[in-house]
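Read through the structure below, which is laid out as structure tokens, and then see the notes.
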Amino acid sequence: MSKHLLETHIQIQPLPPRSHTLLFPTQLQTLQSRKSFTTKKSSFCLSLCNNKKNSFFFSHVSVVRSSVTRGVNEVEEDKQLVVKKAYPFPEIEPKWQRYWEENRTFRTPDEIDTSKPKFYVLDMFPYPSGAGLHVGHPLGYTATDILARFKRMQGYNVLHPMGWDAFGLPAEQYAIQTGTHPNITTFRNINRFRSQLKSLGFSYDWDREFSTIEPEYYKWTQWIFLQLLKRGLAYQAEVPVNWCPALGTVLANEEVIDGVSERGGHPVIRKPMRQWMLKITAYADRLLEDLDDLDWPESVKDMQRNWIGRSEGAEMEFYVLDSDGRERNIKITVFTTRPDTIFGATYLVVAPEHTLLPSLVSMAQSKYVEEYIDLASRKSDLERTELQKEKTGVFSGCYARNPANGEAIPIWVADYVLGSYGTGAIMAVPAHDTRDYEFALKYDIPIRWVVTPEDKSLTDSRSAFPGQGLIINSSNSMLGLDINGLSSKEAASKVIEWADKTGNGKKKVNYKLRDWLFARQRYWGEPIPVIFLDETGETIPLPETELPLTLPELDDFTPTGTGEPPLSKAGSWVKTMDPSSGKPATRETSTMPQWAGSCWYYLRFMDPSNSKELVDKEKERYWSPVDVYVGGAEHAVLHLLYSRFWHKVLYDIGVVSTKEPFQCVINQGIILGEVQYMAFRDSDGSFISADSADMLGEANQERIPEEKVVKSGDSFVLKDNPKIRLVARAHKMSKSRGNVVNPDDVVSEYGADSLRLYEMFMGPLRDSKTWNTSGIEGVHRFLGRTWRLIAGSPSPDGTFRDGTVAIDEEPTLEQLRSLHKCIAKVTDEIEGTRFNTGISAMMEFINAAYKWDKHPRSIFEAFVLLLSPYAPHMAEELWLRLGHSTSLAYEPFPKADPAYLKDSTIVLPVQINGKTRGTIQVEEACTEEDAFKLALKDEKLSKYLAGKSIKKRIYVPGKILNVILDRENIKVGAR
Ligand code: ANZ
């Protein structure tokens, strides 16, 4: 999925100002609970306190020294091994990748046993960009892979596919620059992505792979468009687009920065053009209601709710007046969510694009209004509605009558009112709306308070009071409306009732959601399957039998200069005839937006090669909905909303069986570059502490290498001069900052299993976290230790031995307890998608196992299965060495036996001749003999027992041990 193509403004929830992300919490726990660990630098407890320009400032950073060490020698040995290779991953990993590929290990056959439960786990499929994978990709992909492998081992039928969202702007732009056909670039990029993903050992069913540019796939994207058209859900309308006269092309929103084209910096204006629209607004209520039952992050659901933006209010009618104050035959309808404030409406505003504007403007004002309209056409909606921006406007020269009190109020034109929302006109109530207040102050328009806060201490005439309260100054007996003394809520209902009765307005629900602009003036997209009759201009949908309508080959992708899409250059393709009447016709030359292909791909994975249907009904019924869908938060709104919309349409026409496509959505966090330390210099060039420096003066900043930094209290200081406090920051990875980590490099240095494990160990999946190279060394050492524990240490010459050190013996109780605790924890943590703490449990197990003298095979086998979803290559290899001949991918995942989970040591009271003399710690099932031996060893009890002859022992297991001494002893003792 592309991040380049966020064509509308995506509201990404900012991080709460002082939210805390704890990196490596498990290392902390591990450290706290184990005395044998000394500590070394490797992780941070971060306090993310600000988020500016993609960087996170760490105000309270405590470095937790946490590399897991077991004495200096072993650490040194580990380090050496890192240099040499902690274990033979360069041989193991390609070997198992080949095995999986040759055996199609992860193929989900078409015919499956549907009596088994299913698990559909999906990644948001990537846009195969020229840059290849970055380390952010494997974060989500590893999480889904762990889930897929885990569920397979639990006996589920698992669907875990991968494909490519391959239409899009970058390939087209590259084609314009270099003349390389987007097909070539796209296939090259896909090949690179695929081999990178394979090198990470993800268990995708590659037999189901497809890309959105394949005609066999987009045939069905076009088919869905035809269904929308049939149901009146696709239509054409004149809509403003970003038109750049200098480049002679329409630009996507992300190609326009501050009103000029990203390429060349040329002015961009909003120009109406005939466009295809999809009527998503018809589904607004259902899109809103059905959110409630989804297991999605609340923040994402809220973003969708805000995007849909349901507002209850009223439409009110304001008649325009002529110069004599008489009502003309024109009325302006406004949308308001606060009908209770109608007596405070002291002016009206119409948007610069309001259709009635030309008939309102007075002669004297027309020049100013035209200039203003021109100015506004250069601004984006976002710029126009930014709260901080100074409000601007121009008087239209005419007035309207406030229907509630009969007053003539001026009509202004201002761009803070959008033409596309509500009715494109508002009744402005400066006393109770901050934007109107600012505007009224600037243009000297009266401000009338009509609502008082119930808490009088909040009354302040120096600013607007936007809250609800008690109504004042709101009565007009002539017009029959009196709402004084009512609460805002009661007043609003009364005004609506009055307006309805008197014809001055009505109740209205409004949505922020707009219909979806579905056409792009681009080459690299799905052709829209309609034609226009040359004779009449009539729009004719292509018959379904004509699908796919394939994209014609084109050598010249440059803009036409007229705003016509590049496809209009494909003359012989454009000129066609109506298949049913044979009349000459012209094809639609706009293409679909990139969102189209990603709207329904999850359905196609269920049945990727079906040429008769979009998806087979039975297969769909079995696999729907997607159980877990993982991807970036940047897709929280549009992609998820558009797919939900299409899914609901497909539900209505009986193609799918569920109302919603994705039951659970998880957004993985962002991986930021390594923390960078910045020092400040004053104008003389001397270092100054960050607290006294003007932190914003970038020119005075200097990056300090990590080795010259130490931690002091909550902050970092210069090692040489601890008075100089530094600022620690992590930035989003970007080429220009030089902080990008390439997964290929990590794989070749540490192996794919280490990368997978590290990305999971960095912290909770959903949190943002910083890359830290010493962290990957830490998990790599853990894998090395695991290898040496099971497969044995390398030979003195550094070569790795064959086989394992496992023995065929029954495990001890202690070993079983350790193992089953680990199984319980790992299972629980995978199920709760807390992968980082699952890894800690495995690390604890390995530490415990290192203390054992003997290592039974059965314990190793179970552990290897536990490890396999995380580090599948190593696990497969160890499984083989433990004596198995096939992949472990479908072995049952170990189950924790509750019998070994109980803490079964108890405190047993020990009596000597009926008097309690002390206690011993024993296993609950301890024998009498063992209990007595322990009592003899106990310092306190041994005083009474050593050298004494025993008459009898009374032992009640789990309750008491009573030792009766010979009388002789008592006498001796008494003497
Ligand atoms: C009078 C009023 C009085 C308003 C008051 C607010 C507070 P939401 O909740 O976002 O739907 N509005 C209506 N159409 C608009 C447009 N096209 N462009 C900009 N603003 C517009 O907001 C609805 C409120 O936003 C409406 O209620 C209207 O201002 C304004 F004390 O009407 B109100």
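The values are calculated or read from the model by the stated rules, or taken from the named source; none is laboratory data. Quick caveat, the model's predicted, so the values are computed rather than measured. Virtual Cβ from ideal backbone geometry, glycine too; neighbours counted across all protein chains shown.
Scanning the range 319-355 for residues that are more than 9 Å from the ligand (Cβ to nearest atom), under 45 Å from the mean Cα position of the chain (by Cα), part of a strand (DSSP E or B) and β-branched (V, I, T) yields I332, T333, V350.
Quick one: would you say E809 is touching a residue at least 40 places away in the same chain (Cβ under 8 Å), surrounded by fewer than 21 Cβ atoms within 10 Å (Cβ to Cβ) and more than 19 Å from F761 (Cβ to Cβ)? Judged against the criteria, E809 is a match.
All of (1) in a strand (DSSP E or B); (2) more than 14 Å from the ligand (Cβ to nearest atom); (3) in contact (Cβ under 8 Å) with a residue 60 or more places away in the chain hold for R378 with one exception: (1).
For K575, the stated conditions do not hold, so it cannot be described as out of contact with any strand residue (DSSP E or B) (no Cβ under 6 Å at 6 or more places or on another chain), closer than 17 Å to L226 by Cβ, modelled with pLDDT of 95 or more and not hydrophobic (A, V, I, L, M, F, W, C).
Each row is one residue, and each column tells you yes or no for (1) assigned to a loop (DSSP other than H, G, I, E, B); (2) of a type in the set (A, V, I, L, M, F, W, C).
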| position | (1), (2) |
| --- | --- |
| A364 | no, yes |
| I373 | no, yes |
| R384 | no, no |
| E390 | yes, no |
| G397 | no, no |
| I411 | no, yes |
| S420 | yes, no |
| T423 | yes, no |
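Mind checking which residues of the range 895-929 are loosely packed, with under 13 Cβ neighbours inside 10 Å and not in a loop (DSSP other than H, G, I, E, B)? Matches in the range 895-929: P898, A899, T905, V907, K915, T916, Q921, E929. The number of residues in the range 496-522 that are surrounded by 18 or more Cβ atoms within 10 Å (Cβ to Cβ), in contact with an Asp or Glu (Cβ under 6 Å, 6 or more places away or on another chain) and not basic (K, R) comes to 2. Among the candidates I224, I213, I190, the residue that is touching a strand residue (DSSP E or B) at 6+ places or on another chain (Cβ under 7 Å), crowded, with 16+ Cβ neighbours inside 10 Å and closer than 19 Å to D165 by Cβ is uniquely I190. Report the residue count in the range 777-816 for those that are among the aromatic types (F, W, Y) and modelled with pLDDT under 95. Qualifying residue count for the region: 1. The residues of the range 540-557 that are surrounded by fewer than 14 Cβ atoms within 10 Å (Cβ to Cβ) and either over 21 Å from E216 (Cβ atoms) or touching a residue at least 40 places away in the same chain (Cβ under 8 Å) (or both), listed by number, are E544, T550, E553, D555, D556. If the condition is being closer than 21 Å to E634 by Cα and either of a type in the set (K, R) or buried (at least 17 other Cβ atoms within 10 Å of the Cβ) (or both), then the range 257-283 contributes only I280.
On the basis of being surrounded by 13 or more Cβ atoms within 10 Å (Cβ to Cβ), more than 12 Å from the ligand (Cβ to nearest atom) and either at pLDDT below 95 or assigned to a helix (DSSP H, G or I) (or both), does V369 make the cut? Criteria met by V369. I need the full set of residues from the range 748-799 which are assigned to a loop (DSSP other than H, G, I, E, B) and of a type in the set (D, E, K, R), in order please. Answer for the range 748-799, where residues must be assigned to a loop (DSSP other than H, G, I, E, B) and of a type in the set (D, E, K, R): R766, D767, D797. For residues that are acidic (D, E) and surrounded by fewer than 19 Cβ atoms within 10 Å (Cβ to Cβ), scanning just the range 419-445, find the one that is farthest from the ligand (Cβ to nearest atom). So, considering only residues that are acidic (D, E) and surrounded by fewer than 19 Cβ atoms within 10 Å (Cβ to Cβ), the one farthest from the ligand (Cβ to nearest atom) is D444.
When you look at A848, is it at pLDDT 95 or above, outside any loop (DSSP other than H, G, I, E, B), farther than 16 Å from L757 by Cβ and of a type in the set (A, V, I, L, M, F, W, C), yes or no? In short, yes. Annotation note: of K116, K151, the sole residue that is under 27 Å from F662 (Cα atoms), assigned to a helix (DSSP H, G or I) and among the basic types (K, R) is K151. Taken residue by residue, the range 877-886 has no member that is under 21 Å from A143 (Cα atoms) and modelled with pLDDT of 95 or more.
Per the conditions (1) at negative phi; (2) in contact (Cβ under 8 Å) with a residue 40 or more places away in the chain; (3) within 16 Å of the ligand (Cβ to nearest atom), the sole criterion not satisfied by G309 is (1). Number of residues in the range 874-895 that are among the aromatic types (F, W, Y) and in contact (Cβ under 8 Å) with a residue 24 or more places away in the chain equals 2.
Summed over the range 396-418, the residues that are among the aliphatic types (A, V, I, L, M), within 13 Å of the ligand (Cβ to nearest atom) and touching a strand residue (DSSP E or B) at 6+ places or on another chain (Cβ under 7 Å) give a count of 5. If you go through the range 564-593 and keep only what is under 25 Å from N183 (Cβ atoms), over 35 Å from the mean Cα position of the chain (by Cα) and assigned to a loop (DSSP other than H, G, I, E, B), you end up with E564, A570, E588.
Each residue in the range 347-359 was checked for being crowded, with 18+ Cβ neighbours inside 10 Å and either over 15 Å from A414 (Cα atoms) or modelled with pLDDT under 95 (or both), and 1 pass. Of the residues screened, A499 is not one that is farther than 30 Å from K367 by Cβ, within 11 Å of the ligand (Cβ to nearest atom) and either among the aliphatic types (A, V, I, L, M) or not in a helix (DSSP H, G or I) (or both). If the condition is being acidic (D, E) and either on the phi > 0 side of the Ramachandran plot or loosely packed, with under 12 Cβ neighbours inside 10 Å (or both), then the range 930-962 contributes only E939. The one condition from (1) of a type in the set (G, A, S); (2) under 30 Å from R522 (Cα atoms); (3) surrounded by fewer than 21 Cβ atoms within 10 Å (Cβ to Cβ) that A166 does not meet is (3). In the range 467-496, the residue that is farthest from the ligand (Cβ to nearest atom) out of those that are of a type in the set (A, V, I, L, M, F, W, C) and outside any loop (DSSP other than H, G, I, E, B) is L481. For the range 449-466, the criterion of a residue being crowded, with 22+ Cβ neighbours inside 10 Å, within 11 Å of the ligand (Cβ to nearest atom) and not in a loop (DSSP other than H, G, I, E, B) is satisfied by at least one position.
Of the residues D802, D797, D767, the single one that is surrounded by fewer than 22 Cβ atoms within 10 Å (Cβ to Cβ) and within 29 Å of G673 (Cβ to Cβ) is D767. Annotation: of all residues in the range 86-113 being hydrophobic (A, V, I, L, M, F, W, C) and outside any loop (DSSP other than H, G, I, E, B), the one that is nearest to S203 (Cα to Cα) is W100.
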